[in-house]
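For reference, the structure is listed below as structure tokens.
The values are calculated or read from the model by the stated rules, or taken from the named source; none is laboratory data. These figures come from a predicted structure and were not determined experimentally. All Cβ positions, glycine included, derive from the backbone under ideal geometry; neighbour counts span all protein chains shown.
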Ligand code: THU
């Protein structure tokens, strides 16, 4: 699957966003080595801190369907931003533990801009279990 195709899958996930408070819909699509794709969108709550980002929903969705970090190939995230979307710090921390170092991350917007990156680039000097 090309990065454009994976971003198109993330756009489909974005349609499931529940974001009445921020009105900022985000979609994510997580591609596995067996070509299966898992979807996530941001889901908000009137108690704002309970809201969950698209990226984490996609990863948790895949894990709940029996996938593991070793199965993950690439993640696409898309939102209506001027530049390719920038995942929040909480999602970077979760990805640093549950998404492979060599996995590709495609950050996109609705204009078709796509930035390719990886978790080391997005969260250098991450806190991990070796720090405990
Ligand atoms: N959000 C995501 O789902 N992913 C991102 O990469 C950035 C932010 C969500 C959280 C909240 O529901 C809304 O976007 C505004 O912050």
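On the stretch given as region 88-109, residues that are out of contact with any strand residue (DSSP E or B) (no Cβ under 7 Å at 6 or more places or on another chain) and assigned to a loop (DSSP other than H, G, I, E, B) total 3. Looking at this structure, is residue 85 part of a loop (DSSP other than H, G, I, E, B), crowded, with 20+ Cβ neighbours inside 10 Å and at negative phi? In short, yes.
Note down all Cβ pairs under 9 Å where the first residue falls in region 85-96 and is in contact (Cβ under 8 Å) with a residue 24 or more places away in the chain, the second is surrounded by fewer than 17 Cβ atoms within 10 Å (Cβ to Cβ) and in a helix (DSSP H, G or I), and they're at least six residues apart or on different chains. Hits for this filter: 94/60; 96/120. Does residue 23 satisfy the criteria of being away from the ligand (no atom under 13 Å from the Cβ) and either at pLDDT 95 or above or closer than 24 Å to residue 127 by Cβ (or both)? Here the answer is no, as residue 23 does not meet what is asked. Going by what's in this entry, would residue 67 be described as more than 11 Å from the ligand (Cβ to nearest atom), closer than 22 Å to residue 128 by Cα, surrounded by 13 or more Cβ atoms within 10 Å (Cβ to Cβ) and in contact (Cβ under 8 Å) with a residue 60 or more places away in the chain? So residue 67 does not fit the description; no.
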